[in-house]
Amino acid sequence: MKSVTIMVKMSKNLKIGIGILLIAVCIAIGYSTVFKFFNPYHFVSNLTANPDQYMNKQVQVIGVVVPGTIELASGTLKFDITDGNSRIKVAYGGSPVPIRESINVVVIGSLISPTQFQATKILTQCPSKYEQTLSAANKT
């Protein structure tokens with residue numbers, strides 16, 4: 001009878017241990033997912049002032065496309081962005097995006113040198129907003 005009671009107690013302790021372990025794993029996965037989801041925007045000046053802090057890390061950078069810097073060569077879109085204080089070069093090899101000079105963009109990717117950013121995603125304004133802006137500009 002004693003051996004059965006000990007096995008039941010060990011079984012309960014084992015179940016509790018497995019339960020605690022599963023809860024800890026769920027919390028860890030949830031934390032990492034939420035942290036990635038709430039990755040804050042950074043200004044270009046943040047990156048250029050502290051490049052080591054952002055080097056080779058996934059970040060979201062907000063800025064304005066610098067006029068005269070957009071080029072497409074060998075399937076790679078290249079342009080500069082600025083926040084009015086600092087400037088970085090952006091390279092993007094993904095699917096085409098509607099990008100124009102002097103618009104706000106968010107580039108998602110990683111800083112690969114103090115002045116170069118490799119984007120994996122680019123967020124721009126809705127193309128219809130460009131058309132509205134262009135038509136308003138043409139009326140004047």
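Is it fair to say residue 63 is of a type outside the set (Asp, Glu), modelled with pLDDT of 90 or more and assigned to a loop (DSSP other than H, G, I, E, B)? Walk me through how you get there before you give the answer.
On the way: of a type outside the set (Asp, Glu): yes; modelled with pLDDT of 90 or more: yes; assigned to a loop (DSSP other than H, G, I, E, B): no.
It is false that residue 63 is of a type outside the set (Asp, Glu), modelled with pLDDT of 90 or more and assigned to a loop (DSSP other than H, G, I, E, B).
Could you grab the pairs with beta carbons closer than 6 Å, sequence gap of 6+ or different chains, first residue in region 74-100 and without any contact (Cβ under 8 Å) to a residue 40 or more places away in the chain, second one among the hydrophobic types (A, V, I, L, M, F, W, C) and part of a loop (DSSP other than H, G, I, E, B)?
That search, which allows pairs on different chains as well, returns 79/70; 80/66; 82/66.
Suppose we filter region 107-116 for residues that are crowded, with 16+ Cβ neighbours inside 10 Å and farther than 11 Å from residue 56 by Cα; how many remain?
Counting residues in region 107-116 that are crowded, with 16+ Cβ neighbours inside 10 Å and farther than 11 Å from residue 56 by Cα gives 2.
The values are calculated or read from the model by the stated rules, or taken from the named source; none is laboratory data. Here the structure is a predicted model, which means the values were calculated and not measured. Counting neighbours? That spans all protein chains shown, and the Cβs are built from the backbone with ideal geometry, glycine included.
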